[in-house]
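Enquirer: The structure under discussion is supplied below as structure tokens; questions concerning it will follow.
The values are calculated or read from the model by the stated rules, or taken from the named source; none is laboratory data. This one's a predicted model, so the numbers in the text were calculated from it and none came from an experiment. As a convention, Cβ positions derive from the backbone with ideal geometry for all residues, glycine included, and neighbour counts pool all protein chains shown. The protein model used for the area step is the full one, side chains on, heavy atoms only, and it has no ligands, DNA or RNA in it. Shrake-Rupley method; radii C 1.70, N 1.55, O 1.52, S 1.80 Å.
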Number of protein chains: 2
Amino acid sequence: MSKISKNNYKLTISYDGSRYYGWEHQPDKDTIQGKLESVISKLTGTETEVIGAGRTDAGVHAKGMVANAVITTDMSEQLLKEQINRYLPDDISVTDLKIAGERFHARYKAVGKTYRYTCYYGENKPVFDRKYLYRLDLEPDLEKMIKAAEYLTGEHDYASFCSNPKMKKSTVRIVDKIDIKKKSGYITFTYHGTGFLQHMVRILTGTLLEVGYGKRTPESIPALIDAKDRKLAGFTAPAQGLCLISVDYN
Amino acid sequence: MSKISKNNYKLTISYDGSRYYGWEHQPDKDTIQGKLESVISKLTGTETEVIGAGRTDAGVHAKGMVANAVITTDMSEQLLKEQINRYLPDDISVTDLKIAGERFHARYKAVGKTYRYTCYYGENKPVFDRKYLYRLDLEPDLEKMIKAAEYLTGEHDYASFCSNPKMKKSTVRIVDKIDIKKKSGYITFTYHGTGFLQHMVRILTGTLLEVGYGKRTPESIPALIDAKDRKLAGFTAPAQGLCLISVDYN
């Protein structure tokens with residue numbers, strides 16, 4: 001029998017967030033963190049905490065969420081990953097699991113994140129990926145949105161794009177990329193930045209869509225940023241179109 | 001107001017079959033045909049029958065099912081398609097709708113069909129397309145399956161691959177292509193033929209997988225065909241991996 005040891009693991013996790021109340025554990029509700037902690041705790045017989053790089057909202061998906069957890073086990077990395085996946089529901093998958101340094105912390109050590117928001121506007125109703133996109137009734141103007149995205153990129157105080165009015169910490173973030181693409185009806189917004197405030201990606205997307213619909217101009221964006229007022233920004237795009245793609249570490 | 005007229009329409013339909021009891025209408029059960037007939041009948045105020053190219057089983061999906069229906073309406077093709085899609089549930093979509101000749105019949109005029117069966121064997125548990133594939137616990141040998149598929153291709157009496165023991169009509173069919181491919185864990189079986197018997201694609205797939213697992217040899221296939229005995233063939237692969245890709249007409 002292998003020796004039992006206690007290590008800090010780095011986990012990469014993919015999930016369909018449709019039926020979950022978000023990442024963070026909540027009593028009596030299905031959450032991704034809750035499922036992971038319950039599976040790992042049962043598997044190892046030791047109460048285990050799983051620390052995510054961030055908290056995704058209810059209904060938001062992830063292809064590459066990263067988490068860390070101190071796990072006590074005699075299993076190899078490969079076997080541990082297999083066993084966790086065996087007991088996790090079909091809509092959550094650990095795609096990578098490795099022993100990390102003791103000091104690795106999925107949230108504090110994260111230096112960047114990539115999110116993708118997927119919309120669909122087109123003749124055909126998408127069937128197979130319908131739960132991973134937001135269907136638009138109007139066709140947004142791509143050029144206008146790309147122009148507005150330039151104003152939204154950079155180092156700014158994004159208070160206008162934060163749904164938490166009681167945010168006490170700094171609301172300054174760097175968003176170094178907002179890439180907007182259209183392909184066979186799918187309109188994707190890919191965001192990369194140092195970090196994102198509560199609902200920020202969804203509010204940025206809602207604001208960009210309003211620019212695309214002609215409800216506001218690209219040139220109105222600098223004043224919106226300066227205002228630091230959530231009420232002046234666009235709507236919060238629905239959760240189901242959002243996916244956390246990856247988290248960067250040094 | 002446009003003139004009301006009665007025409008025979010050709011419809012192409014895409015659906016996620018997960019929650020349906022198959023194509024064919026059944027009292028008190030959700031079926032694809034049932035949904036389409038109910039939506040079109042309500043929309044036009046005229047009881048409408050929708051004739052499919054074939055009947056997919058419960059849980060089977062389609063990207064390109066074809067159907068025809070005599071519809072009485074004053075709507076243009078474009079508007080009719082939009083309205084049908086508006087009232088259909090999210091998991092059924094009419095991707096094309098055109099007036100066809102009076103004599104067009106989706107079932108009788110079909111000259112070929114393409115089905116794809118998707119399996120997955122690999123390290124990572126697929127999350128986003130989990131409902132459209134069959135996950136394997138063992139890795140099948142691709143070369144052996146390709147060899148066996150050669151024996152299964154051609155014009156044969158496929159009685160061994162038909163789940164209906166009371167089939168009175170001919171069980172001779174031509175399957176001119178069984179294409180087996182593997183890519184990043186996904187193993188797909190693409191079948192093209194003049195027509196397929198009940199459960200035939202799923203039984204062919206189950207039989208090919210048993211060859212891949214080493215439970216039977218490619219060389220045992222000719223005797224299996226000759227036996228004309230369902231009990232000697234492989235298991236019926238689960239419905240969720242199967243998708244009707246397209247239907248051919250002259």
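Enquirer: In Å², rounded to the nearest 100, what is the total accessible surface buried by chains B and A against each other with a 1.4 Å probe?
Expert: 2000 Å²
Enquirer: Averaged over its residues, how many other protein chain Cβ atoms are within 10 Å of peptide B:127-134's Cβ atoms?
Expert: Across the residues of B:127-134, the mean count of other-chain Cβ atoms within 10 Å is 5.
Enquirer: So what's region A:17-68 giving for Cα Rg divided by 2.2 N^0.38 Å, two decimals?
Expert: Rounded to two decimals, the normalised Rg is 1.09.
Enquirer: What are the semi-axes of the equivalent ellipsoid for the protein assembly as shown, taken as the square roots of 5 times the Cα gyration tensor eigenvalues, largest first, in whole Å?
Expert: Working through the eigenvalues yields semi-axes of 45, 35, 17 Å.
Enquirer: So the label point sits 7 Å from Cα along the Cα-to-Cβ vector; using that for B:GLY112, what distances do you get to the other copies, in nanometres, sorted shortest first?
Expert: Output for B:GLY112: 4.8 nm, nearest copy listed first.
Enquirer: Return the single residue from A:LYS166, A:LYS63, A:LYS131 with maximal mean-square fluctuation; model: Gaussian network over chain A, springs between Cα atoms under 10 Å.
Expert: A:LYS166
Enquirer: Right, another one. Output needed for region A:112-249: three equivalent-ellipsoid semi-axes, defined as square roots of 5 times the C-alpha gyration tensor eigenvalues, in descending order, whole Å.
Expert: Value: 24, 17, 13 Å, ordered largest first.
Enquirer: Carbon and sulfur together cover what percent of the accessible area of region A:5-99 at a 1.4 Å probe radius?
Expert: 45 percent
Enquirer: Ignoring ligands, DNA and RNA, please state the percent of accessible area on region A:112-249 from carbon and sulfur, probe 1.4 Å.
Expert: C and S atoms contribute 50 percent here.
Enquirer: Shifting gears a bit: Mind jotting down the three principal axis lengths of chain A based on Cα atoms? Whole angstrom, largest first.
Expert: The principal-axis extents, from largest down, are 66, 42, 33 Å.
Enquirer: How high is the relative contact order of region A:112-249, given as a whole-number percent (alpha carbon pairs under 8 Å, six or more residues apart)?
Expert: Worked out over region A:112-249, it gives 40 percent.
Enquirer: Further question on the same structure: In vacuum, with every alpha carbon of region B:108-179 counted as one equal point scatterer, what does the Debye formula give for log10 I(q)/I(0) at q = 0.14, 0.26 Å⁻¹? Two decimals, please.
Expert: Debye output, listed in q order: -0.68, -1.23.
Enquirer: With every atom except the alpha carbons ignored, what do you get for Rg and Dmax of region A:5-99, in angstroms?
Expert: 12.1, 36
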